[in-house]
Amino acid sequence: MRLVDLSVPVSSGMGHFEGTPPVYICKSHRIDECGYRMSLLVMGNHSGTHLDAPSHFVQTGEGLDSVPLERCLGPAVVCDFSAKAPGEPITIADFERHADEIGSGARVLVRTDWDERFGAEEYFADFPPLAPETAGWLAERDIWLLGVDTPSLNLEHAVPMHETLLGAGVVIVESLANLRELTQRHVLLSALPMKITGADGAPVRAVAYDGVPDGLR
């Protein structure tokens, strides 16, 4: 099976939400001076493709250490909403077309192809958001992971939607990329976060095999 990289590239000066830490990378050691290369990396833990832990939005939520890794690794279903226009919400009715595949333990990947705008100013604005009521609908279905190829779930309603999903134990992965390169609806996903003690989130190198072996469905 073909392996597809679902992560955006991390680079110095890359775009970020206003008010959040910028990304800064510089050479700290040079081969001609030290005999080896090393770099200094400074970034917010929600930069680029990243995972949200419950404590990111929930006052009493647990940190990254509490996230069950099995929720971040396994079969996932790709829901194609790439026909959505900028700013057009993804509704419960849209998700209901995939309802038979969105149940307890499901990992749901939301494709909008908004990552094609990654690096442009509009990337952080006017993306197709999840409608506010979808958070409760997805949480009630007891899914394990929700991944989106947009920088957030919804700009206006981000706080209550994150509270609902994270409070229900749903792992949220944002700023995915290249979901359009997956030709199969069911894929084998890996979205394991960096192991940062007590963190409210962490960068992820998300990848997926284009398809799922029969024994893992």
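The values are calculated or read from the model by the stated rules, or taken from the named source; none is laboratory data. Given the structure is predicted, the values throughout are model-derived calculations rather than measurements. Cβ placement follows ideal geometry from the backbone for every residue including glycine, while neighbour counts extend to all protein chains displayed.
Structural remarks
- Verdict on GLU121 being exposed (fewer than 15 other Cβ atoms within 10 Å of the Cβ) and in contact (Cβ under 8 Å) with a residue 40 or more places away in the chain: yes
- Some residue of the range 60-68 being buried (at least 20 other Cβ atoms within 10 Å of the Cβ) and of a type outside the set (Ser, Thr, Tyr): yes
- Conditions (1) assigned to a helix (DSSP H, G or I); (2) closer than 19 Å to ILE92 by Cα; number of the one not met by ARG180: (2)
- Restricting the range 131-154 to residues that are within 17 Å of HIS50 (Cβ to Cβ) and of a type in the set (A, V, I, L, M) leaves a set whose member that is surrounded by the fewest Cβ atoms within 10 Å (Cβ to Cβ) is LEU145.
- Within the span defined as the range 27-48, one or more residues are closer than 19 Å to PRO203 by Cα, at pLDDT below 95, small (Gly, Ala, Ser) and assigned to a strand (DSSP E or B).
- Looking across GLY48, GLY13, GLY61, one residue alone is at positive phi and in contact (Cβ under 8 Å) with a residue 40 or more places away in the chain. It is GLY48.
- Put simply, of PHE127, PHE95 the only residue that is within 25 Å of HIS16 (Cβ to Cβ), in contact (Cβ under 8 Å) with a residue 24 or more places away in the chain and buried (at least 20 other Cβ atoms within 10 Å of the Cβ) is PHE127.
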